[in-house]
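A.B. asks: Mind looking over this structure? Questions follow.
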Amino acid sequence: METKKPTGKLGILIPGLGAVGTTFIAGVYAINKGMSRPVGSLTQMGRIRLGKRTSINKPYIKDVVDIHPLEDVVFGGWDVFDDNVYEAAVKAQVLDKNLLDSLKPELEAIKPMKAVFDKSYAKRLNGTHVKEAPTKMDLANSLMQEITEFKDKNNCDRLVMVWCGSTEIYIEEGPVHQTIESLEEGLRNNHKDIPPSMIYTYAAVKLGIPYANGAPNLSCDVPAIVELSRQTGTPIAGKDFKTGQTLMKTILAPGLKCRALGINGWFSTNILGNRDGEVLDDPDNFKSKEVSKLGVLEDILEPELNQELYSDLYHKVRINYYPPRGDNKEGWDNIDIFGWLDYPMQIKIDFLCKDSILAAPLVLDLALFLDLAKRAGMSGVQEWLSFYLKSPQAPTGVRPMHDIFKQQIKLENTIRYIAREELITHLGQDY
Ligand SMILES: NC(=O)c1ccc[n+]([C@@H]2O[C@H](COP(=O)([O-])OP(=O)(O)OC[C@H]3O[C@@H](n4cnc5c(N)ncnc54)[C@H](O)[C@@H]3O)[C@@H](O)[C@H]2O)c1
């Protein structure tokens, strides 16, 4: 199928205008005004190799596939607080106040719509800018109406949605999530296993709007939404932005494994003091994050196959809420490895990162790549976008892929496929 051109305006809808959401939006304005650069974004700064290695051909990705231009993007969103994007960004304390002041008119103009929210799914949040309706299906319908109005009012050609809302309490996939019918029945009956995030997901996917989930909530990672996404021709990707410590883990672990070095301990701990940290301070919300973070090493190291090297691995992840640090997270890793003749060694990582600075380019790339996928006629789970996600969704019956280098190969080959370029297998004449 021919990929449609990215004409007109693209609306990026964000449930959750907190630290990540506002850092992303303000960043796009700053970049469009030539005040700063989109560092960390492959759609803006990444290159891709095409053809044989004998001829050096590494154009920008945006020159190989039709990425929607950054200048033609508009933003909308929802939050449980009624602060506009300028006020929310000032409170988040990620970006410099001078930079935000120079973007004040544009940022002030973006006011959150009332959220679909229920405190029992995020106990530490006390927002009041919240919709009220008798059933979860009514709330979904209200979202769909707002989305349609937003599209008309902003004269958008297409929309995408990226969840940047808080992490909700841990919920396991259950019977209500199995089919479109059971999910719709659950929405009508206010089923407790349908959290607010899934109501946004349902609304977006039902309308055929590409959807990415930046938090570890189940959201689009249930059979009912996957089925709906195929039915409505909607590309989806989840879950949980891969930034900070997990990014480092999926860079380092494949390297140790490919050299057949053993690992018997990986202790990861973080301190962070933003609102995300506060929400994750509740054990039920932390559980969602913990499950998302723990799966990573299992997949990369395959202890069931490589028992001599990894079967004793003790993997622990902690997150500690520590207000003085705000968004400036510090993540420590202690890795106990062993080598030749079982001699032990240690690796220590101390990553002083800025959480939202790492996440913002991921929001952009997920939005623009999902829009590309939609124009290319792709639907369902977009596994090639696992590259951006801590707990990637995989097709049924297949283990998710966590190794960032394998994810990169898949992402690049998908771009080559969309561009109708030859795939690179690193075999034969390719090399
Ligand atoms: N920053 C990172 O590096 C990173 C990495 C991976 C995942 N995440 C996830 O991304 C999400 C956003 O992170 P953040 O640092 O911006 O957090 P944040 O607390 O600053 O922002 C989240 C916002 O979502 C709003 N919200 C909560 N429930 C909502 C609902 N139902 N509808 C609308 N708005 C709602 C909150 O009021 C808040 O303003 C979190 O779930 C976080 O775990 C962040």
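A.B. asks: Out of (1) of a type outside the set (A, V, I, L, M); (2) part of a loop (DSSP other than H, G, I, E, B); (3) surrounded by 24 or more Cβ atoms within 10 Å (Cβ to Cβ), the odd one out for LYS249 is which?
C.D. replies: All conditions are met except number (2).
A.B. asks: Going through the range 32-55 one residue at a time, which ones are of a type in the set (Ser, Thr, Tyr), in contact (Cβ under 8 Å) with a residue 60 or more places away in the chain and either outside any loop (DSSP other than H, G, I, E, B) or more than 15 Å from the ligand (Cβ to nearest atom) (or both)?
C.D. replies: If the condition is that a residue be of a type in the set (Ser, Thr, Tyr), in contact (Cβ under 8 Å) with a residue 60 or more places away in the chain and either outside any loop (DSSP other than H, G, I, E, B) or more than 15 Å from the ligand (Cβ to nearest atom) (or both), then SER36, THR43 are the ones that fit.
A.B. asks: Out of ARG53, ARG47, report the one residue that is within 26 Å of LYS410 (Cα to Cα), surrounded by fewer than 16 Cβ atoms within 10 Å (Cβ to Cβ) and at pLDDT below 95.
C.D. replies: ARG53
A.B. asks: Considering only the range 262-273, I want to know if a residue exists there that is assigned to a helix (DSSP H, G or I), surrounded by fewer than 22 Cβ atoms within 10 Å (Cβ to Cβ) and at pLDDT 90 or above.
C.D. replies: No: zero hits.
A.B. asks: Test LEU159 against the stated conditions and say whether it is at pLDDT 95 or above and either within 30 Å of LEU280 (Cβ to Cβ) or not assigned by TED's automatic domain parsing to the domain that holds LEU218 (or both).
C.D. replies: yes
A.B. asks: In addition: Scan the range 1-31 for residues that are more than 30 Å from THR167 (Cβ to Cβ), in contact (Cβ under 8 Å) with a residue 24 or more places away in the chain and not aliphatic (A, V, I, L, M) and report the count.
C.D. replies: Going through the range 1-31 one residue at a time, the tally reaches 7.
A.B. asks: If the requirement is being more than 11 Å from the ligand (Cβ to nearest atom) and touching a Ser or Thr at 6+ places or on another chain (Cβ under 8 Å), which of these qualifies: LYS293, LYS249, LYS289, LYS242?
C.D. replies: Matching residue, one of LYS293, LYS249, LYS289, LYS242: LYS249.
A.B. asks: Working carefully through the options LEU362, LEU372, LEU368, find the one that is within 14 Å of the ligand (Cβ to nearest atom), in a helix (DSSP H, G or I) and under 22 Å from PRO38 (Cα atoms).
C.D. replies: LEU362
A.B. asks: Any idea which of GLU168, GLU149, GLU184 is in contact with a Phe, Trp or Tyr (Cβ under 7 Å, 6 or more places away or on another chain) and among the acidic types (Asp, Glu)?
C.D. replies: GLU168
A.B. asks: Any residue at all in the range 57-74 that's surrounded by fewer than 17 Cβ atoms within 10 Å (Cβ to Cβ), farther than 30 Å from VAL205 by Cβ and hydroxyl-bearing (Ser, Thr, Tyr)?
C.D. replies: Yes: the range 57-74 contains one or more residues that are surrounded by fewer than 17 Cβ atoms within 10 Å (Cβ to Cβ), farther than 30 Å from VAL205 by Cβ and hydroxyl-bearing (Ser, Thr, Tyr).
A.B. asks: Being in contact (Cβ under 8 Å) with a residue 60 or more places away in the chain, part of a loop (DSSP other than H, G, I, E, B) and within 10 Å of the ligand (Cβ to nearest atom) is the filter; apply it to the range 94-134 and report the residue that is nearest to PHE24 (Cα to Cα).
C.D. replies: VAL94
A.B. asks: On to the next question. I'm trying to understand the selection: among the residues of the range 148-169, which are buried (at least 23 other Cβ atoms within 10 Å of the Cβ) and within 16 Å of the ligand (Cβ to nearest atom)?
C.D. replies: The answer is MET161, VAL162, TRP163, CYS164, GLY165, SER166, THR167, GLU168.
A.B. asks: Still on this structure, I have one more. Say we look at the range 188-222 and pick out the residues that are on the phi > 0 side of the Ramachandran plot and at pLDDT 95 or above; which of these is nearest to the ligand (Cβ to nearest atom)?
C.D. replies: Checking each candidate, the answer is ASN190.
A.B. asks: Would you mention how many residues in the range 147-178 are without any contact (Cβ under 8 Å) to a residue 60 or more places away in the chain and more than 22 Å from the chain's Cα centre (by Cα)?
C.D. replies: Within the range 147-178, residues that are without any contact (Cβ under 8 Å) to a residue 60 or more places away in the chain and more than 22 Å from the chain's Cα centre (by Cα) number 8.
The values are calculated or read from the model by the stated rules, or taken from the named source; none is laboratory data. Here the structure is a predicted model, which means the values were calculated and not measured. Because the Cβ atoms are built from the backbone with ideal geometry, glycine has one as well, and the counts that use them run over all protein chains shown.
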